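Quick notes on the structure that follows.
The values are calculated or read from the model by the stated rules, or taken from the named source; none is laboratory data. Because the structure is predicted, anything quoted here is derived from the model rather than measured. Note that we place each Cβ from the backbone using ideal geometry, even for glycine, and neighbour counts take in every protein chain shown.
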Amino acid sequence: MAGAKILFSCTLLAAAGGPALLAAETLLLPETVVTASRANEDSLQAMSSIGVVTGEQFDQQNHRTIPEALAQTPGVMVQKTTHGHGSPFVRGFTGRQNLLLVDGVRINNSTWRSGPVQYWNTVDGFSMGRLELVRNQGSVLFGSDALGGTLNVLTPGSGFQEADPGFFWGGRLLYRFDTNSRSNIGRVETRLGQGGTWGAMIGVTAKDFGDIRDSGVGRMTNTGYPEQNYDVKLEKALNPDTTLTFAHQHVDQDDVWRWHSTIFNDTPWNGTSTGTFPARIYNQERSLTYLRVDSEVQKGPVQKYSATVSFQRTRDSEFQNRKPTDIRSQQIDLDTYGIDVTLESEFLGGNLVYGADYYQDEIDAVGARTNRDPRSRRPVADDSTFRLFGAFAQYRRPVNDRLEALAGARFTHSEADLGKVWDPASATDIAASDDWSDVVFNLRALYKLTGELNIYGGASQGFRTPNAHDLSGNITSRSGQQQLGSLDLEPEQSWTFEVGSRFNNEIVSLNAAAFYTVVEDLIVSVPVAGGSNTVVASNSQEAEIVGLELEAAVRLLDNLTLSGHLTWQDGETTTPTFIGGPTADAPVSRLSPLTGSVALRYESPDQRWWIEGRVSAAARQDQLSARDERDTQRIPPGGTPGYLVASIRGGFQVTDYLEVNAALENITDEDYRIHGSGVNQPGINAIFGGKVTW
């Protein structure tokens, strides 16, 4: 692959561009972000490529889920195995190779399987305050899994610190209805407390998603599902500089069908194959509870600190009715205990962020099938424990008036104690254990050309330690093969080299970034010799990925803004054709095609109403790996066709307390599918929503 030439060309384009368009919905002014450095910083001064979606944007753009909220973010392609799932591909990586956080608490756990996964849809987007995505940040700050990107879902608090003294009370009631699937979403939340002393935020969200329809396939039966969520956050000022926070969140999704593999997928789309299972159903339930203390210290060696203890409970179950003689069920019950301590100190004229974190998974797993196969059908090893410890430090310091530099490192130690692992050789369960240690680094810099223009870049190292699923997984892969884990694995390693530029003033906002990622020891499923339909996890793949991301927003008139973004990616892998066999080069699986979007938005002078039109497009993706070509239920022969879709949306502030909005999506009723997805996107769709605040 001509990676070096492509990278050089992308670098020139990036240097000619400009800065932080954190989202392309409006012309953005500088704002504070935390995920890029684990410390509050001006977004224009971040040394990594970042993206932000606010809760207001989430509501106005009529998003359903957290993954869908990233669809208009450069560098991201959102694949949906089914309508109830959603797995962002960030710079070519998805699933467990991206890291998901909620309020800084690690959501990834050791049972996450490879490829596109549903877990990012188990966070309620209607309860979040903002999303912060850092692309190719590496693993120094937050640890294992952050090869492609780190997404931090930040939930709002009660606002008691900013409230006037005395008792306060307020809230909002939100409703959304779409005509395509006849889906209903409602949320009610309230905030109350004593200004400056304590506060509480309580919310409940109910969702009833119906079956989606499009002009080519028609109604996709069983793509709808119900979901119930609730969340609580209690905050107390221990003193003027210290806050204690207790939070609890719960998400429950039932009857989420993998439509593409069932008999209800009975209409070929551009040559795809139809489904054969009478039923394939997921149930997902997840809760997060944490207690955190945050403090700003007036004197001493530590200026800020945060300490968090967390507990998560996850239940992930699947039911497969393949045929009357082959009915399968699997379930994982997981408890995760976490501790995280972060400190911030002024040191030798710079800022030092450092700390440690520890997460422990307790895993119970069961599985069954009807055809008398003696092999265990547990999805992962039962009665198992997985531990992940890390310690990190990152130092940022001005070199002169224009140049700032950053360097960081993390040490990680992980351990797996597997209680019951199925051993095919002895046809019985065995116990196994292993451990790994790793050190990763990053080095980045920011150069201020002017007060409005800067250049940033550097090198970041990522890694992903083998998890319980890598070691003991036992599932059916997306191409119909039996996918088994392996006890002989090492961590995945990556280096990303990035250069970018940001420009921001009252008229124009620009951001351009180019990256080159090299990955070694990728854990992939490799066929065994002899033509078997079994694949086994192995550190067998190497990959190179390059890409270019552009964003721009221009204020054409006082109230009229033109914005847009563009993503280009290319990548190649080297993988053995079978274990111990010769290697073969192939495109990176499910890499995003060339995609872009342009929006024109008008806001009334009195800011009472707004209207926006958007056109989004993607080129045909015919760069397929061998697994892509076998995945005929989701990817048509020869690749996924390109598309061009248009939408229009708007909102009106009826009173100080009532806001309404409406949208018409896919105006031309385009029949299209996001590359690698198991369902088509909805056809023409009218959306109506409203929000009452008090």
Fill in the blank from the handout: Residue hits (region 131-186; crowded, with 22+ Cβ neighbours inside 10 Å and more than 26 Å from the chain's Cα centre (by Cα)) are F160
Problem - Of the criteria (1) among the β-branched types (V, I, T); (2) at pLDDT below 95; (3) surrounded by 15 or more Cβ atoms within 10 Å (Cβ to Cβ), which one T289 fails - result: (2)
Fill in the blank from the handout: Apart from one, (1) touching a Lys or Arg at 6+ places or on another chain (Cβ under 7 Å); (2) at pLDDT below 95 all hold for G642; the odd one out is (2)
Exercise for the section: Could you check, for region 498-518, whether at least one of its residues is crowded, with 21+ Cβ neighbours inside 10 Å, over 30 Å from L403 (Cα atoms) and either among the aliphatic types (A, V, I, L, M) or under 21 Å from the mean Cα position of the chain (by Cα) (or both)? Expected result: no
Practice task
Using the structure shown, decide if R444 is farther than 23 Å from D42 by Cβ, surrounded by 19 or more Cβ atoms within 10 Å (Cβ to Cβ) and basic (K, R).
Solution key: no
Problem - T583 vs. criteria over 23 Å from the mean Cα position of the chain (by Cα) and farther than 30 Å from V508 by Cβ - result: yes
Problem - Residue count for region 551-560, restricted to those that are surrounded by fewer than 22 Cβ atoms within 10 Å (Cβ to Cβ) and touching a residue at least 40 places away in the same chain (Cβ under 8 Å) - result: 6
Practice task
Within region 228-247, work out how many residues are touching a helix residue (DSSP H, G or I) at 6+ places or on another chain (Cβ under 9 Å) and either at pLDDT below 95 or acidic (D, E) (or both).
Solution key: 1
Problem - Pick from region 625-636, criterion touching a Ser or Thr at 6+ places or on another chain (Cβ under 8 Å) and not acidic (D, E), ranking: surrounded by the most Cβ atoms within 10 Å (Cβ to Cβ) - result: I635
Completion exercise
With the first residue restricted to region 63-82 and required to be farther than 15 Å from I212 by Cβ and in contact (Cβ under 8 Å) with a residue 60 or more places away in the chain, and the second required to be of a type in the set (K, R) and not in a strand (DSSP E or B), Cβ contacts under 6 Å at 6 or more apart or on different chains are G75/R91
Practice task
Give me the pairs, please: first residue somewhere in region 563-588 and within 30 Å of G613 (Cβ to Cβ) and surrounded by fewer than 19 Cβ atoms within 10 Å (Cβ to Cβ), second residue anywhere and of a type in the set (V, I, T) and at pLDDT 95 or above, beta-carbon distance under 8 Å, and either six or more positions apart or on two chains.
Solution key: L566/T595
Exercise for the section: Would you please name the residue that is surrounded by the fewest Cβ atoms within 10 Å (Cβ to Cβ), looking only at residues in region 647-667 that are in contact (Cβ under 8 Å) with a residue 24 or more places away in the chain and of a type in the set (S, T, N, Q)? Expected result: Q653
Exercise for the section: With the condition kept exactly as written, say whether any residue in region 593-614 is under 19 Å from A543 (Cα atoms), under 23 Å from the mean Cα position of the chain (by Cα), surrounded by 16 or more Cβ atoms within 10 Å (Cβ to Cβ) and not polar (S, T, N, Q). Expected result: yes
Practice task
Answer yes if at least one residue in region 169-179 is touching a strand residue (DSSP E or B) at 6+ places or on another chain (Cβ under 8 Å) and not in a strand (DSSP E or B), and no otherwise.
Solution key: yes
Practice task
Just give me the residues in region 602-626 being touching a residue at least 12 places away in the same chain (Cβ under 8 Å), within 30 Å of T655 (Cα to Cα) and not aliphatic (A, V, I, L, M), in sequence order.
Solution key: Y602, E603, S604, P605, Q607, R608, W609, W610, E612, G613, R614
Problem - Members of region 204-231 found to be under 23 Å from the mean Cα position of the chain (by Cα) and of a type in the set (G, A, S), listed by number - result: A206, G224
Problem - Considering residues of region 553-598 that are within 30 Å of V524 (Cβ to Cβ) and in contact with a Phe, Trp or Tyr (Cβ under 8 Å, 6 or more places away or on another chain) only, the residue modelled with the highest pLDDT - result: L594
Exercise for the section: At least 2 residues that are modelled with pLDDT of 95 or more and closer than 25 Å to S384 by Cα in each: list the strands (runs of 3 or more DSSP E) lying fully within region 80-143 that qualify. Expected result: 99-102
Fill in the blank from the handout: Picking from W436, W422, the residue that is surrounded by fewer than 21 Cβ atoms within 10 Å (Cβ to Cβ) and touching a residue at least 40 places away in the same chain (Cβ under 8 Å) would be W436
Exercise for the section: For region 275-282, state whether one or more residues are closer than 25 Å to S87 by Cα, aliphatic (A, V, I, L, M) and within 22 Å of the chain's Cα centre (by Cα). Expected result: no
Exercise for the section: Would you check if there is a residue in region 315-335 being touching a residue at least 60 places away in the same chain (Cβ under 8 Å), in contact with a Lys or Arg (Cβ under 8 Å, 6 or more places away or on another chain), buried (at least 17 other Cβ atoms within 10 Å of the Cβ) and within 18 Å of V105 (Cβ to Cβ)? Expected result: yes
